[in-house]
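Just below is one structure, and these are the notes that go with it.
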Amino acid sequence: MDGSRKPFNLRRWFSVVSLLVTGGAAIVSGAILSNFFVTEAIKRDALLTKQFIQSIAEIELRHARFGLANVSFGAILDERRSAGELGLEPENLARARQEFFDHLRNMPEALLATVFAPDGYVTWSSNALLIGKMLPDNHELAEVIERRDAIAGGHLKGTAGGKVEQQFVRYPEDFYIENYVPLFDRDGTVASVVEIYKEPRDLIHSLKRGYLLIWLAALLSGAAVYVCLRWIIIRAARQIDDQQREIVENKTLVALGEMSSAVAHGLRNPLASIRSSAEVALELGDPSTAKNLNDIVTQVDRLSKWVRELLQFSKPISDEREAVKIDMALENALSTYEVQIRRAGIEVDWTPDAAPTVEVHANGPLLEQVLNSVLSNAIEAMPRGGRLGVAVEVPARGRVAVKISDTGCGMSEKQLELAFKPFHTTKRNGLGVGLVLVKRIMERFGGGVALESREQAGTTVSLTFKVAEQE
């Protein structure tokens, strides 16, 4: 049962969860911001409407010179109160009321204007059918009287006509605003309430644009956060995968190293004894066995080389670094293979004087092993001659690259993929640990190694080092 369980897919689960979280956060933030935007816009419109209506009332009050009678304009709007009761001239009272109602009727973008008495009696309305009716169950009217302040609310056209007083002269096309504005008596109590239904086109257009911008910003910000989080988790997942592969490779290398060390130590002494015995037999000078004995010595030497490589492969690589001149190291490595190069008829493209003098972070013996391994591979790839290129590039960003190229048989794409796999080799008598050691040593130097190769076109090995002065 345990073997059939699928491994936990970090990328998939994180993608789903982060999409839900960021999407939900974007929706919630968009809803909060859009609601705040609409509420503030309606409050602003309500404030302007309140100031407009109360200003008209003040102007009419001064124009009619009612101040001498000690009455407020809100008190005179109720037609149930006579001029004698208010202490006013009937003509002046009628004219003041009519002028105020005309202002309300002609307000721009108004769908309906109604004036209420505190008890719910409609003293005037732009819809004549409402005048004189009692509408006591008006919760907004009661709230205005209690708070003694204007209130406002926004509605969609689908809710138009839901209240008794919503008998519009012209029904709204989309969104409309309901405003209640109190007019006060001399003692500060609410004497009349003006109800205005408006359809402000410019405000509605601004609200729609604000809605669009808010939701677009919320969705884009959510998408940006999601993309960033997904990029981070993909990078983290890749790094975890690489570390897991590296751990597996290291465990494999440790196991192979321990096994190789045991095998190498077990073979070294018997091989030495076999070679010594063959050399002694050769000294006896028996011509009939000389060829066989020479073959034994040759094969023992080949096996001894394998043993040395196995021991080197299983031995821990030192972390000690020093500043090494890369041009001098290349010059010494090339001189080591001078005889092999000459015998194979290989031309060497290497100009020491033209190479930049750069000190790199390395370890002398380990760097020598790296260069010897790469040069040995290049020379063995050209048994019938060719061109060996060695170049040191100009340092850049604290690093310098050394490129060693040959015009040998090259490698296929499959061989390139397996080039750094332990014990994989294309050589007939190879062991397959040379490039693996090169990679491990270069990584210990803080550098790297890369291969470029094509079949029958040659191979280029790029060794990248850290420049010592910029450590």
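Collect the residues in the stretch 325-334 that are surrounded by 14 or more Cβ atoms within 10 Å (Cβ to Cβ), aliphatic (A, V, I, L, M) and without any contact (Cβ under 8 Å) to a residue 60 or more places away in the chain, keeping them in residue-number order.
Matches in the stretch 325-334: 329, 333, 334.
Pairs, please: C-beta under 6 Å, at least 6 apart or cross-chain, first residue without any contact (Cβ under 8 Å) to a residue 60 or more places away in the chain and in the stretch 376-387, second open to solvent by 20 Å² or more (accessible area, probe 1.4 Å) and of a type in the set (S, T, N, Q)?
Between residues of the stretch 376-387 that are without any contact (Cβ under 8 Å) to a residue 60 or more places away in the chain and residues that are open to solvent by 20 Å² or more (accessible area, probe 1.4 Å) and of a type in the set (S, T, N, Q), the close pairs are 379/340; 387/407.
Find the helices (runs of 4 or more DSSP H) located wholly in the stretch 69-121 whose residues include 2 or more that are under 20 Å from residue 187 (Cα atoms), and list them.
The qualifying helices (runs of 4 or more DSSP H) are 73-76, 83-86.
State all residues of the stretch 219-237 that are more than 8 Å from the chain's Cα centre (by Cα), of a type outside the set (Val, Ile, Thr) and either within 16 Å of residue 17 (Cα to Cα) or surrounded by 14 or more Cβ atoms within 10 Å (Cβ to Cβ) (or both); if no residue qualifies, say none.
Of everything in the stretch 219-237, those that are more than 8 Å from the chain's Cα centre (by Cα), of a type outside the set (Val, Ile, Thr) and either within 16 Å of residue 17 (Cα to Cα) or surrounded by 14 or more Cβ atoms within 10 Å (Cβ to Cβ) (or both) turn out to be 219, 221, 222, 223, 237.
Only one of these conditions is not met by residue 136: (1) at pLDDT 75 or above; (2) farther than 13 Å from residue 116 by Cα; (3) open to solvent by 60 Å² or more (accessible area, probe 1.4 Å). Which number is it?
All conditions are met except number (2).
On the basis of being surrounded by 11 or more Cβ atoms within 10 Å (Cβ to Cβ), of a type outside the set (Gly, Ala, Ser) and at pLDDT 70 or above, does residue 274 make the cut? Can you show your working first?
Working: surrounded by 11 or more Cβ atoms within 10 Å (Cβ to Cβ): yes; of a type outside the set (Gly, Ala, Ser): yes; at pLDDT 70 or above: yes.
When the stated conditions are applied, residue 274 passes them.
Tell me, please, whether a residue that is under 28 Å from residue 322 (Cα atoms) and open to solvent by 30 Å² or more (accessible area, probe 1.4 Å) can be found in the stretch 406-419.
No, the stretch 406-419 has no match at all.
Would it be correct to say that residue 106 is surrounded by 16 or more Cβ atoms within 10 Å (Cβ to Cβ), of a type in the set (S, T, N, Q) and free of Cβ contacts under 8 Å to residues at least 60 places away in the same chain?
Spelling it out, it is not the case that residue 106 is surrounded by 16 or more Cβ atoms within 10 Å (Cβ to Cβ), of a type in the set (S, T, N, Q) and free of Cβ contacts under 8 Å to residues at least 60 places away in the same chain.
Any residue at all in the stretch 76-98 that's touching a Lys or Arg at 6+ places or on another chain (Cβ under 8 Å) and open to solvent by less than 20 Å² (accessible area, probe 1.4 Å)?
Yes, the stretch 76-98 contains a residue that is touching a Lys or Arg at 6+ places or on another chain (Cβ under 8 Å) and open to solvent by less than 20 Å² (accessible area, probe 1.4 Å).
Return the residues of the stretch 139-187 that are at pLDDT 80 or above, touching a Lys or Arg at 6+ places or on another chain (Cβ under 6 Å) and either polar (S, T, N, Q) or assigned to a loop (DSSP other than H, G, I, E, B) (or both); say none if nothing qualifies.
150, the sole residue that qualifies.
Yes/no per residue for (1) at pLDDT below 85; (2) basic (Lys, Arg); (3) over 39 Å from the mean Cα position of the chain (by Cα):
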position	(1), (2), (3)
353	yes, no, yes
356	yes, no, yes
360	no, no, no
369	yes, no, yes
374	no, no, yes
382	no, no, yes
386	no, no, yes
397	yes, yes, no
410	yes, no, yes
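Does the stretch 335-375 hold any residues that are of a type in the set (D, E, K, R) and either without any contact (Cβ under 8 Å) to a residue 12 or more places away in the chain or out of contact with any Gly (no Cβ under 8 Å at 6 or more places or on another chain) (or both), and which are they?
Within the stretch 335-375, 338, 342, 343, 353, 359, 368 qualify.
The values are calculated or read from the model by the stated rules, or taken from the named source; none is laboratory data. Nothing here was measured: the structure is a model prediction, and the numbers come from that model. We place every Cβ from the backbone using ideal geometry, glycine too, and count neighbours over all the protein chains shown. For accessibility, only protein heavy atoms count, side chains too; no ligands or nucleic acids. Shrake-Rupley method; radii C 1.70, N 1.55, O 1.52, S 1.80 Å.
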